[in-house]
Amino acid sequence: MATAGTITDYNRVTFQVAFSGGGLSGQNFDSLTAGTTITTVNGVTYTPSNGTALVTDAYLTTTPPNGLGSTSAGYFEADETLTITFSSPITAFAIDINTYAPTSGDYQAMVNDGSSSVIPSVFDVFPNAETGQFIGFSDSSSFTTVVISPDTSSPYTYTVDTLVYGDAAALTGVPEPSTLALLGLGMTVVGLLARRRKLL
């Protein structure tokens, strides 16, 4: 039986800082032709609930020109979910959501890690813009699926851009608890040896 994961969520800046030295993968749709429908790109499958994933250059992005919408209306509708499935398990995930939704939590992500956790979006505007949301998190358990869904009370449509994903072991500057314990033990031993030499 799988152990439920513990989620740590971030805003855009803290995610970028935390994972800046890691080897995470990314997808920003800019190498694809606008108007192209896609299912799987580089081992990542995109499944909207109301249509097929659509590369679009008609909306705001964090990395111009292209983002991802749906054939349902050119964008994801206010009641449309986007399921993102990875070919290999991951433990870190981030995505930008282009929307006029003004409140943190207007979108959420759910993962298949056994925790039933819901990760809320953060109102975190795109560079040189006044709108945008961000979902970014790491998980102590691996997962292969993330479902992005709008809050049921939110009337806002959306597109997505700048997917980042991979192994949370890429996290820089935050040692695992076991690493800290070993470091503490090592420092204690060094301290005792230095004291012993001093006494001799």
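The values are calculated or read from the model by the stated rules, or taken from the named source; none is laboratory data. None of these values were measured; they are calculated from a predicted model. So basically every Cβ, Gly included, is an ideal-geometry build from the backbone, and we count neighbours across all protein chains shown. All accessible areas refer to the heavy atoms of the entire protein, side chains included, with ligands and DNA or RNA removed. Shrake-Rupley method; radii C 1.70, N 1.55, O 1.52, S 1.80 Å.
Of the GluC sites (Glu not before Pro) found in the stretch 77-151, those that fall in a DSSP loop while having at most 13 other beta-carbon atoms within 10 Å are Glu130.
Count the net charge of all other residues whose Cβ sits under 12 Å from the Cβ of Ala18, scoring Lys and Arg as +1 and Asp and Glu as -1.
Combined, the nearby Lys, Arg, Asp and Glu give 0.
Other residues within the sphere of radius under 15 Å centred on the Cβ of Gly105, judged by their own Cβ, net out at -4 (K and R +1, D and E -1). Our note on the geometry: Cα centres of the stretch 93-128 and the stretch 140-164, 6 Å apart. Solvent-accessible area per residue in the stretch 1-115 equals 46 Å², computed with a 1.4 angstrom probe and all protein chains kept. Run the accessible area of the stretch 1-145 with a 1.4 Å probe and give the carbon-and-sulfur part as a rounded percent. Heavy-atom surface of the stretch 1-145 belonging to carbon and sulfur, 1.4 Å probe: 50 percent.
Looking at the stretch 1-109, the chymotrypsin sites (Phe, Trp or Tyr not before Pro) that sit in a DSSP loop and have at most 16 other Cβ atoms within 10 Å of their own Cβ are Tyr100.
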